[in-house]
1. Would you check which residues across the range 118-129 are assigned to a loop (DSSP other than H, G, I, E, B) and either modelled with pLDDT under 95 or not aromatic (Phe, Trp, Tyr) (or both) and list them?
2. Please specify each residue of the range 233-246 satisfying the condition of being in contact with a helix residue (DSSP H, G or I) (Cβ under 7 Å, 6 or more places away or on another chain) and open to solvent by less than 30 Å² (accessible area, probe 1.4 Å).
3. So which residues in the range 218-241 are more than 19 Å from the chain's Cα centre (by Cα) and in a strand (DSSP E or B)?
4. Kindly provide the set of residues from the range 131-144 that are open to solvent by less than 50 Å² (accessible area, probe 1.4 Å) and either modelled with pLDDT under 95 or of a type outside the set (Gly, Ala, Ser) (or both), ordered by number.
5. Return the residues of the range 62-89 that are assigned to a loop (DSSP other than H, G, I, E, B) and not β-branched (Val, Ile, Thr); say none if nothing qualifies.
6. State whether one or more residues within the range 153-161 are of a type outside the set (A, V, I, L, M, F, W, C), outside any helix (DSSP H, G or I) and either touching a Ser or Thr at 6+ places or on another chain (Cβ under 6 Å) or free of Cβ contacts under 8 Å to residues at least 40 places away in the same chain (or both).
Amino acid sequence: MSVRLRTAILGVGHWHAKFVFETLRRHSHVVAVSEPDPALLATAAGALDCRAYADPVDLLDREQVDAVFVYGRHCDMAALADEVIGRAIPFVLEKPGGMNADQVAGLRDRARAAGLFAAVPFTHRLTPWVREIVNAGPPGVRHAQFRLLSGPASRYRAHGVPWAVNRAEAGGGCTINLSVLFVDLFRHLTGQRARLDSARMLTLTPGIDVEDYSTLVVSSADGASVATIETGYTFPTGSGSDLSASVRTAEAYHLVSGDFRTVTRATGEPDSAAMATHHRNYYGQFAHDTLRAIGSGGPPLASLDDLHEAMVVVDAAYGAAQPPAIVDRR
């Protein structure tokens, strides 16, 4: 990029926003951030050495920017993105992009009508093991399993984002926050729309009104591929998680666990390699690639169409499983 884009971050208190700080600081001119929480706003503005606004509309009215990264509470995301679209600014929208698929569809349609670049950080698409499968050609995915059990619900309160376990502000729990990632990943690997077969949700933590454990079964539109998606806020510490995946293609069995991936084929010994497998490790690459795409007119990693398709399945899951069963462990 010959010219450094002027960027802004809305809803910078979202825990994923910090994953792009260093990349945006190095490869763009971050002019301002917005966040209603004064402590989170001050921390982000200090880290990025930029102007700070409590009101995102005030930021957009006062600052000249070339690209906006939209985070914030799930209940605020659609309105924030709509303000950006109304000003015809290219943008990134953190998942889930809103409270439901209809909100995302509205954003998709308005951005499309305005001819705007809009990207979604489905960063699992950037992991080397996913790229290996996609680059090998039509994979013929037969079945897959994806698991991400993150730290307990209490970690969101500790990080200053208690809204993440409040249904009115988040729209749900681990399904809308985590399962949406793997619905998109299944679609990306099969090249087809996903449909919901079944959903089961539990609330295991007292004092929250969202599910903190979820299992979905989804299949491809042609019925030839199936996947199980297990997510939760059930890992006992906030500093760790249980991430694993397996994908059986026509040619091989791909197993991912921790920081290793192993490929087993019928023709030889298993091939193992160390690699960063967690999606959070690729936010920096996503931000850099996105800046380049905006500057050059290239395509986004994932689009609002992709987000909408994933959210349709998430909505169906909540419809099938609501209300989540509350398990009394006292």
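The values are calculated or read from the model by the stated rules, or taken from the named source; none is laboratory data. For clarity, every value in this text was computed on a predicted model and none was experimentally measured. Methodologically, a virtual Cβ is constructed for each residue, glycine included, from the backbone with ideal geometry; neighbour enumeration extends over all protein chains shown. These area figures cover heavy atoms from the full protein model, side chains too; ligands, DNA and RNA do not enter into them. Shrake-Rupley method; radii C 1.70, N 1.55, O 1.52, S 1.80 Å.
1. Those that are assigned to a loop (DSSP other than H, G, I, E, B) and either modelled with pLDDT under 95 or not aromatic (Phe, Trp, Tyr) (or both): VAL120, PRO121, THR127.
2. TYR233
3. SER219, SER220, VAL226
4. Within the range 131-144, ILE133, GLY137, PRO139, GLY140, VAL141 qualify.
5. GLU63, GLN64, ASP66, TYR71, GLY72, ARG73, ARG87, ALA88
6. So far as the range 153-161 goes, no, none of its residues is of a type outside the set (A, V, I, L, M, F, W, C), outside any helix (DSSP H, G or I) and either touching a Ser or Thr at 6+ places or on another chain (Cβ under 6 Å) or free of Cβ contacts under 8 Å to residues at least 40 places away in the same chain (or both).
Here's the yes/no breakdown for (1) more than 19 Å from the chain's Cα centre (by Cα); (2) assigned to a helix (DSSP H, G or I); (3) free of Cβ contacts under 8 Å to residues at least 24 places away in the same chain:
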position	(1), (2), (3)
GLY98	no, no, no
ALA105	no, yes, no
LEU116	yes, no, no
ARG131	no, yes, yes
PRO138	yes, no, no
VAL141	yes, no, no
PHE146	no, no, no
TRP163	no, yes, no
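Quick grid of which residues meet (1) within 22 Å of the chain's Cα centre (by Cα); (2) touching a residue at least 40 places away in the same chain (Cβ under 8 Å); (3) surrounded by 15 or more Cβ atoms within 10 Å (Cβ to Cβ):
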{"position": "LEU5", "(1), (2), (3)": "no, yes, yes"}
{"position": "VAL33", "(1), (2), (3)": "yes, no, yes"}
{"position": "ASP49", "(1), (2), (3)": "no, no, no"}
{"position": "LEU59", "(1), (2), (3)": "no, yes, yes"}
{"position": "HIS74", "(1), (2), (3)": "yes, yes, yes"}
{"position": "ASP82", "(1), (2), (3)": "yes, no, yes"}
